[in-house]
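What follows is a short report on a single structure.
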Amino acid sequence: MRLRLSDPALIPELLDFLQSTPDVVVDVVGDREVEVSLLGSYALDAMRMELYLRIRAWEAARAARGVTVELVDEPSR
């Protein structure tokens, strides 16, 4: 799944958060986007929901900064 951040300066912080668990593979694919895969036996909908919950927890902890993370299916153009 591809994630797009409103603030690209927070990508390193997001990477640290996502990589803190061993079931995540993440790559930076643009100046505001990362590609994330969860390892395991996830159906696409289940993987999307699990990633959504993790990202919303990370985002909520940074609410004062006004950061938003969007789950996108296609790269930005």
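The values are calculated or read from the model by the stated rules, or taken from the named source; none is laboratory data. A quick note: this is a predicted structure, and the numbers were derived from the prediction, not measured. Counting neighbours? That spans all protein chains shown, and the Cβs are built from the backbone with ideal geometry, glycine included.
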Residue ranges of strands (runs of 3 or more DSSP E) in the chain with at least 2 members surrounded by 11 or more Cβ atoms within 10 Å (Cβ to Cβ) and of a type in the set (D, E, K, R):
2-5, 33-38
Residue list for the range 14-47, restricted to those being touching a strand residue (DSSP E or B) at 6+ places or on another chain (Cβ under 7 Å), of a type in the set (D, E, K, R) and without any contact (Cβ under 8 Å) to a residue 12 or more places away in the chain
Asp27
Here the residues within the range 47-68 that are modelled with pLDDT of 90 or more and closer than 12 Å to Met1 by Cα are Met49, Glu50, Leu51, Tyr52, Ile55
Across the range 6-30, what is the number of residues that are of a type in the set (A, V, I, L, M) and either over 18 Å from Glu50 (Cα atoms) or over 11 Å from the mean Cα position of the chain (by Cα) (or both)?
5
